[in-house]
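Novice: First the structure, then my questions, so here it is.
Every number here is computed from the coordinates shown, using simple stated rules; none is lab data. Since the structure is predicted, the reported quantities are computational estimates derived from the model, not experimental observations. Here Cβ is always computed from backbone atoms with ideal geometry, including for glycine, and neighbour counts include all displayed protein chains.
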Amino acid sequence: MALLATFQDAGALPPESSPEANRLIKALIQFQAAFMKSRDPAVSDVLTRAFSAKLGSDTPVTVQAFRSGGWTSESLEAVVDYVTDSPPWEKGSFEQGLRAYYNVGRQDFELLARVFVTARLDLQRRGQNFHQVYRARRLEMPGGVTQR
């Protein structure tokens, strides 16, 4: 919810109840579930590589935190940046692993990535940091706990 609120704050969230908004919500939920729970090696490998590229030696701790808590702004950024820079789609096994149990694929990820990148850029143009806006929104959510 805090990610959606951050997308809204940036003006990047598709109109409520539009097909694109519904696809975005599905993508956030299903990609989170896939990366948290999938036993498919190709899916797990992309998550680990994404965190490693962004966070280096903190990767094992971050993977563990993600698998217990789900998306944060930092984890979403790591995955979006990694998949954008090193697309795993051509190998086939990554998308097969996603479609098998989570019914999401490349087009869903591209929508999620596009909204994230647009939000990040729009907030930067206003002198704001995506992660700071996310943390503030997370504090407003039930439980009021910020995740890293």
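Novice: Let's test the formula: R0 of 35 Å, r as the Cβ-Cβ distance of Gln132 and Ala42. What FRET efficiency results, to the nearest 0.05? Please list the in-between numbers first.
Specialist: Values: r = 33 Å, r/R0 = 0.95.
According to the calculation, E is roughly 0.55.
Novice: Give the angle, between 0 and 90 degrees and rounded to the nearest 10, that separates the Cα long axis of helix 73-85 from the longest principal axis of the Cα atoms of the chain.
Specialist: 50 degrees
Novice: Moving on to the next point. About the Cα centre of the chain, what is the dipole size in debye to 20, counting +1 per Lys and Arg Cβ and -1 per Asp and Glu Cβ, all else neutral?
Specialist: Details: 18 positive and 16 negative charges, 47 e Å.
That gives a dipole near 220 debye.
Novice: As an exercise, use a Förster radius of 30 Å and the Cβ-Cβ distance of Ile25 and Val61 to find the FRET efficiency, rounded to the nearest 0.05. Mind showing how you got there, number by number?
Specialist: On the way: r = 28 Å, r/R0 = 0.95.
E between Ile25 and Val61, to the nearest 0.05, is 0.60.
Novice: Tabulate in residue order the Karplus-calculated ³J(HN,Hα) for segment 88-93, using 6.51 cos²θ - 1.76 cosθ + 1.60 with θ = phi - 60°, rounded to whole Hz; enter x for Gly and Pro.
Specialist: With coefficients 6.51, -1.76 and 1.60, one gets x, 5, 5, 6, x, 5 Hz.
Novice: How large is the dipole of segment 1-76 about the Cα centre if only Lys and Arg carry +1 and Asp and Glu carry -1, each at its Cβ, rounded to the nearest 20 debye?
Specialist: Charge dipole, segment 1-76, about its Cα centre: 260 debye, nearest 20.
Novice: Relative to the longest principal axis of the chain, what angle (0 to 90°, nearest 10) does the C-alpha long axis of helix 106-125 take?
Specialist: For 106-125 against the chain, the angle is about 30 degrees.
Novice: Follow-up question, since we're still on this one. Measure nothing fancy, just the Cα-based angle from helix 130-140's long axis to the longest principal axis of the chain, in degrees from 0 to 90, nearest 10.
Specialist: Roughly 70 degrees between the two axes.
Novice: Counting Lys and Arg as +1 and Asp and Glu as -1, each charge on the Cβ, what is the dipole of segment 54-122 about the Cα centre in debye, to the nearest 20?
Specialist: Magnitude of the dipole: close to 200 debye.
Novice: Which distance in Å, rounded to a whole number, links the C-alpha centroids of segment 62-84 and segment 1-56?
Specialist: A separation of 8 Å, based on Cα centres.
Novice: Which of Thr72, Thr48, Thr6 has the fewest other C-beta atoms within 10 Å, and how do the rest follow up to the most?
Specialist: Least crowded to most crowded, the residues run Thr48, Thr72, Thr6.
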